[in-house]
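Before any comments, here is the structure.
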Amino acid sequence: MCTAMRSARFALMFCALLAPAALGGEVGISLGADIQSPNDICDTSIDLMLVVDGSASITHFSWKEAVSFCDQLINSFTISGNASHVGLTQFSERAKLELSLSGDKASISSAIDYLRNHQMMENTAIGAGIKTGEADIEQLGRSGVPHIMILITDGQNNQWPSPSGPSSKAKNEGTEIFVVGVGSGVDRRELESIASQPTAKHVYYASDFKDLKNLIADITHVTCNTYKCDQGSHSCSILPPGSTGGMSKGDCLKQCVPPALSPRTFCVKGTGKASQDLKTCEAGCVNHVPPELQGVWRGLKIDHSFGGGEWDAEFTNTSLVLKGPSGPKQTFSVHTDADGNIQIVSSAGVMQADFKVEAEGIIAVATIAIGPVGGKKITSFDSAMTTTGYAVYSMAKCQEKGTDCDFSSSDPKQSTLSSTLSAFSEAILVRGAPLSAWKSPKSEWTHFVRSAVPLCETPAEVMMVIDGSSSESSGNFSKILDFANELSKSFNVSASMVHIGVVQFSSKGLAKVVIPLSDDPAAISSAISGMAQSGGDTAIGDGIRMAEAEINKGRKTVKHVMILMTDGAENQGTNPLDASYDAKAEGTEIIILGVGDHVHLQALDAYASMPSSTHVYNPADFDSLKNFVDATVQTACNKYFKCDNASKTCQPTGPGEKGMPVAQCLANCSKGPKPPTPTPPTPPAAVFVCNQSTFTCDPAKPGSPGASSKETCSKQCSHNTPPALIGQWRGIQISPGYTPGEFDLNIMNTSYAFKDASGAVSKGVIFGTGYFSMRLDDAASGKSQAALFSYDSLGPEVTSVTMVIGKPGVVNLPLTVQSGFDDPNYITYMFEKCDNSAPTCDFSKAMP
């Protein structure tokens, strides 16, 4: 029993701690209650396609929970050749059909087992997942059997295609779509537009993946429903469970159309009821235009025929009003075809269209493409930009109406292009913002953002750390050098201001200083341009170590900044987590540009300074690097700006002056506000950072990561364990090849005691080396072990952690908890700790 249940988190705990005496006789009962009753079986014959999100935002253990949910859900149906068939699709950056629709339970179980250890770990392509799953349903789905798709996701679509087209096509083909959104990162409007109607029946939410199991009974019940057409009333009714001859609601509604009506007059997007005539049908067919596209937009035309000037667009439920820089407004009808594609209809004919919307706070940014009359379907924005007859626009829309964000007024004084652009400039200065549509060198928006950020005047020591590995072609390496050159020219390089140095890294031991810190702009430019690519593998840690050594040779009283550029993931050399931790502890601010799809964004987040939104950027390709010059400079400068009313420009603030971020300054400067009242400069208070090697408080520069007053630093600077870890923990091993049984860990402020499954106890000293890492020094053997942990949940009664502990003598930390799980040098545990004194939750007697 326990072996079969190993994949589910709570089932794991149940297996390891089954003995009632171990947990006061209570926990075994409550965990057992979480296991679904074998009586909850659906005998209805359906074709069920599970479409599962495997993106990188889902942790290793949450992924296990998601797969276990699929396993338990499938076990709620009778699987056989004549009963239910099940298929599996996983999506992330792309979609993969893991299992075609099958009535063979052994094949389905095998696919589920494979899925547990093969998470894609990339971006979120919901539309691709739906499209792939529906394609299999169309090919292998049985006639007369309900076709059902269940989509499970924790995020929002951020890859091509948009989910609206594939989901509309699937629903029009008769597939009933249920959606399960997990956590707070989902877009509820997006999920509700994907799902079948009514949303109350087809959309479910879970606070986290552990809660998915609570939805199994509800989803089983609603997916079991089948329908039968009453030809007299032309209505569909639900058949009782176990009835034969049923069909999906979509197929039923199609059959229930009165014979006198053409299928074209059947309304599939409105109330779901047949109408007596085309006019009545169209009145009920609402939402021709997806809700996220409706509203007033302002922006620019960015395709190959770009001509400059402002364009305005207003999408209503069924129409588009478009106004260019000159000429009258044009009004078009807007429809959605049977495949979910948007069609814009003029007096001359039908034009195909597509769009992509990215929400950024109160501003939404959209790329909108419109084809010529009679033109082919739009396959990508990039191809539309370079094809004669196709128009591509980049536009912004206010999500909330207000004084500074209201495009509905026709009065240019109340809503100007410059305020739109300033809002947009803030939107694209974040990691992950869509940049593929900004390749036109004539794009005024890109130019506007570039010219909005003044030259950096902050004194600093800046080291550029450049990836020279062979995964970059020579052409792409040249684009990195072009970016580095442009970046260097955005700083005021002089003896008293910015000094710049460059390090190139590739394979282990090949990191080299291209030019040490220099205040000579010509020498820096010459050194960058003359760099020869090293080739080989990727040793990011070696590059960081060498760059930090160079920075430490520079001025101690100015800001220290490291800017790392890479296109891949670490595969040899010094552990970058250790190297970056040491650099940040020395007060160096680390900014990282990870180019393309092969970088490991979670790892880059760990290496970079916080917050990652301004310290980790992910250009789509090497051509997009240039769009990130200003964002990088702004972070490196950490500058604030004030509005000069005379010139209506934003200027850097001086010492002690109050200011604002550049986007906010641009918006205010367009309206000519009064300049902020200067305040007299005040000397910065002395701050200190904790030296994790000596556990002493060392003087630091104001603004350094972790800097605080000497009093605060003295209280926190010790090898004390993070407070949330102190206490009695009880748990199990979950590594591949795990040892069964209970493990106990008592963590004190500076010491620990560990009891393994055999009862043997080891003790020693514990050192807290970071927010999520520590070191265990065994007193008997004298050997050290590195440990990395992550919180699965914090209270209110029980805290859960996943902890990766190196085997004796392994002192280097793994990159992530997940990488430690897969590394034979580490053992992974799942521990839980009581957070109250209730007698049913008391682990205090676990240790002798």
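Computed from the coordinates by the stated procedures, all read-outs in this text should not be read as laboratory data. Model, not experiment: these values are computed from the prediction. Backbone-built Cβ (ideal geometry, glycine too); neighbour counts: all protein chains shown.
A few points about this structure:
- Just so you know, the Cα atoms of the range 44-224 work out to an Rg and Dmax of 14.4, 40 Å.
- Distant-in-sequence amide contacts of GLU589, defined by a placed amide H-H separation under 5 Å and a gap of 5 or more residues or a different chain, comprise HIS560, VAL561, MET562.
- Of LYS64/LYS508; LYS301/LYS479; LYS96/LYS376; LYS755/LYS833; LYS171/LYS301; LYS210/LYS356, those spanning more than 23 Å from alpha-carbon to alpha-carbon: LYS64/LYS508; LYS301/LYS479; LYS96/LYS376; LYS171/LYS301; LYS210/LYS356
- Note on LYS376 and SER346: their simple-model spin labels are 2.1 nm apart, each label 7 Å out from Cα toward Cβ.
- Neighbour-count order for LEU510, LEU140, LEU487, fewest beta carbons within 10 angstrom listed first: LEU140, LEU510, LEU487
- Potential extension, SER844-ASP218 segment - 0.36 nm per residue separation minus Cα distance: 221.4 nm
- A simple rule links phi to the HN-Hα coupling: the Karplus curve 6.51 cos²θ - 1.76 cosθ + 1.60 with θ = phi - 60°, which for the range 564-574 gives 9, 10, 8, 10, x, 10, 4, 9, 5, x, 4 Hz, with x for Gly and Pro.
- For the range 44-224, the Cβ-based charge dipole about the Cα centre amounts to some 120 debye (Lys, Arg positive; Asp, Glu negative; other atoms uncharged).
- Packing here is the average count of other Cβ atoms within 10 Å per residue, and on that basis the peptides 625-636, 465-476, highest first, run 625-636, 465-476.
- Modelled spin labels at LYS710 and ALA523, positioned 7 Å past Cα toward Cβ, are 3.8 nm from each other.
- Panel order for ARG775, ARG730, by other beta carbons found within 10 Å of each beta carbon, from fewest to most: ARG775, ARG730.
- Calculated FRET value between MET748 and SER781, using beta carbons and R₀ = 22 Å, to 0.05: 0.70
- Computed from the Cβ-Cβ distance with R0 of 30 Å, the FRET efficiency linking THR388 to SER143 stands at 0.10.
- Ranking of TRP297, TRP311 by neighbouring Cβ atoms within 10 Å, starting from the fewest: TRP311, TRP297.
- For the range 456-627, diffusion coefficient by Stokes-Einstein and Kirkwood Rh (Cα), 37 °C, 0.692 mPa s, µm²/s: 210
- Among residues other than ASP777 with Cβ under 15 Å from its Cβ, the summed charge is +3 (Lys and Arg +1, Asp and Glu -1).
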